[in-house]
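One structure is given below, encoded as structure tokens.
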Amino acid sequence: MECKTAAGDNYLIRATAADDFIRAFAVTCRDVSEEARQRHGLSPVTTAALGRVMAAALMMGMDLKNEKDMLTIQYDCDGPIGGMTVTADSQGHVKGYANNPEAMLPANAKGKLDVGGIVGHGLVRVMKDIGLKDSYNGTVEIQSGEIGEDLAYYFAVSEQIPSVVSLGVLVDTEDYHVLQTGGFLIQLMPGCPDEIAESLDTACRAMPQITTLLREGGTPESILESVLGSYGLHIHAKMPVSFQCDCSRQRVEKALLAMGDVELYSLIKEGKPVTLNCGFCNTDYTFTVAELEQLREKGKKS
Ligand code: ZN
């Protein structure tokens, strides 16, 4: 895939400030949303919506404790986009799709891509898969559909963590490729003194918009510095990020076998190749009749 920025521009950081009363994450992930755009044929406004959710999922994924933990953000919404599903792990990998990738809307009143309009109303669900027995589910109502506000509301209501979530995607107005994607997540830890909370609120209101910082070439470090610079910012970890799907031909074969012999036989009897598509990365897996027959034999033996 052609990349206009260096791979080093796609990374996450985790930080603390104000004697650990504040914790923060920031990410720039242009290539992640550009890859999603190209794989799924996303329109400019669905590129922005999905790109924001992917940036958020990467930051929330970095907060998972174990290597195999997964986090999914699902938008179940009535706007033209029809829904979004994004899954991230704790290692900087993310995948995702929009139900109606080509959905379009004119620019909003501010002349911006109308993410809130394309999302509409409904529910946003956060699912954490943290081992066999421990899974976590939180569902809240979509607030503005602008993603950042929805997730801040989720943190406040479902996790009782006061949070600021700021996300932005810049799309080229001529050929619609992604110019930059990024954001930050700032959270107040229990026991955080009121004066820190209040001054942080003022600092967040005074700072430039995330899209302005991204347009100026902001890095995760410089973005956090612009909000938390006066709070004794400590950066603890840095991690590269990428669009990555864990599907494979083997997995699809397993899924075909799991349908059962009768179903598989009826597919073979139709006498046509069968194509299965991975929704997350839009990869097609095609099986010829001969391959299906081989697979059926393999299934009988095992
Ligand atoms: Zn896939």
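The values are calculated or read from the model by the stated rules, or taken from the named source; none is laboratory data. None of the values given here were measured: they were computed from a predicted structure. Because the Cβ atoms are built from the backbone with ideal geometry, glycine has one as well, and the counts that use them run over all protein chains shown.
Observations, loosely collected:
- Of residues in segment 92-102 being assigned to a loop (DSSP other than H, G, I, E, B) and crowded, with 18+ Cβ neighbours inside 10 Å, the one nearest to the chain's Cα centre (by Cα): 92
- Just one of the numbered conditions (1) under 29 Å from residue 171 (Cα atoms); (2) more than 16 Å from the ligand (Cβ to nearest atom); (3) not assigned by TED's automatic domain parsing to the domain that holds residue 9 is not true of residue 210: (3).
- Residues in segment 103-122 that are on the phi > 0 side of the Ramachandran plot and part of a loop (DSSP other than H, G, I, E, B) were compared, and the one that is surrounded by the fewest Cβ atoms within 10 Å (Cβ to Cβ) is 111.
- Residue satisfying condition, being outside any helix (DSSP H, G or I) and closer than 30 Å to residue 189 by Cα, within set 58, 71: 71
- For residue 256: the one exception among (1) out of contact with any Leu (no Cβ under 7 Å at 6 or more places or on another chain); (2) within 16 Å of the ligand (Cβ to nearest atom): (1)
- Just so you know, in segment 268-286 the residues that are more than 16 Å from the ligand (Cβ to nearest atom) and closer than 28 Å to residue 39 by Cα include one that is surrounded by the most Cβ atoms within 10 Å (Cβ to Cβ), and it is 274.
- Pairs with Cβ under 6 Å, 6+ apart, first in segment 169-193 and in contact (Cβ under 8 Å) with a residue 40 or more places away in the chain and under 16 Å from residue 50 (Cα atoms), second surrounded by fewer than 17 Cβ atoms within 10 Å (Cβ to Cβ) and among the acidic types (Asp, Glu): 179/172
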